[in-house]
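> My questions all concern the structure below.
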Amino acid sequence: LKAHAGYALVAGYNYYDAKGVARQHAEALSILSADLSHHFALGPLHLENSALFQVSSAQDVLPLPMLALNLRYYVQFNIVDPKTLQLQIGLNTRYTPRWKLPSYNPVAGVFTLQDEELYGNVPVTDIFSNAQWKQCCIFLKYENAGRGWPAQTHDFFTAHHYIQTAPMIK
């Protein structure tokens, strides 16, 4: 079990507002965060759980999701012997509650604030297979396999108006 807490006080924070204009926050900005993670290993079954809690003192300048979860569950076993071929098969799920996801400006290559919509509250799940064969790592992933399940909604954006890739194999 690992736990960590942190506090940051930032003065003169630079950001881009909703119109893409560069701004500097006049007051000091406080960020409080705490994360908790644990790796359970029950024989070949591995359950890696991590949770991040974070709060910004100025959500209108630096919006942060209050909670971010990353759950990675897989089985790991040796095909030949531990030093020849080891295989992991499992799934990885990421989740945040609804929050003001930043917008992306591809022309300037920067993230900007947006006040139009809240995103989140939908788990994003990938199914993966990871094979370690001597010095070679072979990784195969079916990305976005959950398609919004169990929420039955497809509100999974990487940035405001930028939807994640459709389910695909990588």
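> What number comes out for accessible area per residue over segment 77-135 if the probe is 1.4 Å? Units Å², please.
Numbers: 3550 Å² over 59 residues.
So segment 77-135 comes to 60 Å² accessible per residue, rounded to a whole number.
> Can you tell me the equivalent ellipsoid semi-axes for segment 97-142? Use √(5λ) from the Cα gyration tensor, largest first, whole Å.
35, 17, 7
> Next up: Quick one: 3J(HN,Hα) in Hz for segment 87-94, Karplus 6.51/-1.76/1.60 with θ = phi - 60°, rounded, Gly and Pro as x.
Result, ordered by residue: 10, 10, 10, x, 9, 10, 10, 10 Hz.
> Next question, about the same structure. So for each of 88-95, 136-143 I average, over its residues, the number of other beta carbons within 10 Å; can you give me the resulting order with the highest mean first?
88-95, 136-143
> Can you list residues from other chains, or at least 5 along the same chain, whose modelled amide H is less than 5 Å from the amide H of ALA18?
Amide H neighbours of ALA18: LEU113.
> Through the Karplus equation 6.51 cos²θ - 1.76 cosθ + 1.60, θ set to phi - 60°, convert the phi angles of segment 98-106 into ³J(HN,Hα) values in whole Hz; use x for Gly and Pro.
Along segment 98-106, the couplings run 5, 7, 7, 4, x, 9, 10, 9, x Hz.
> Got the relative contact order for segment 1-160 handy, in percent, Cα pairs under 8 Å and 6 or more residues apart?
Relative CO of segment 1-160 lands at 16 percent.
> Among VAL107, VAL124, VAL61, which one shows the highest mean-square fluctuation when the chain is modelled as a Gaussian network with alpha-carbon springs under 10 Å?
VAL107
> List the residues, sorted by chain then number, that are 5 or more residues from LEU64 or on another chain and whose placed amide H is less than 5 Å from its amide H.
SER56
> Continuing with this model, one more query. So what is log10(I(q)/I(0)) for the chain at q = 0.12, 0.19 1/Å, when the Debye sum runs over its Cα atoms only?
Taken in order of the listed q values, log10 I(q)/I(0) reads -0.72, -1.24.
> Counting only protein heavy atoms, what percent of the accessible surface of the chain is carbon or sulfur at a 1.4 Å probe? Please list the in-between numbers first.
On the way: 6670 of 10770 Å².
Result for the chain: 62 percent of the exposed heavy-atom area is carbon or sulfur.
> Also: May I ask you to evaluate 6.51 cos²θ - 1.76 cosθ + 1.60, the Karplus curve with θ = phi - 60°, for each residue of segment 54-68 and list the ³J(HN,Hα) values in order in whole Hz, giving x for glycine and proline?
My calculation for segment 54-68 gives 8, 9, 10, 6, 9, 5, 6, 9, 10, x, 10, x, 5, 9, 9 Hz in order.
> A further question follows. Collect residues whose amide H, placed 1.01 Å from N in the peptide plane, falls under 5 Å from the amide H of TYR104; neighbours closer than 5 in sequence don't count.
Residues meeting the criterion, in which the H sits 1.01 Å from N, are THR112, HIS160.
The values are calculated or read from the model by the stated rules, or taken from the named source; none is laboratory data. What you see is a predicted model; the values in this text were computed from it and never measured. Cβ atoms come from the backbone with ideal geometry, glycine included; neighbour counts cover every protein chain shown. Remember, those area values only see protein heavy atoms, side chains included, never the ligands or the DNA or RNA. Shrake-Rupley method; radii C 1.70, N 1.55, O 1.52, S 1.80 Å.
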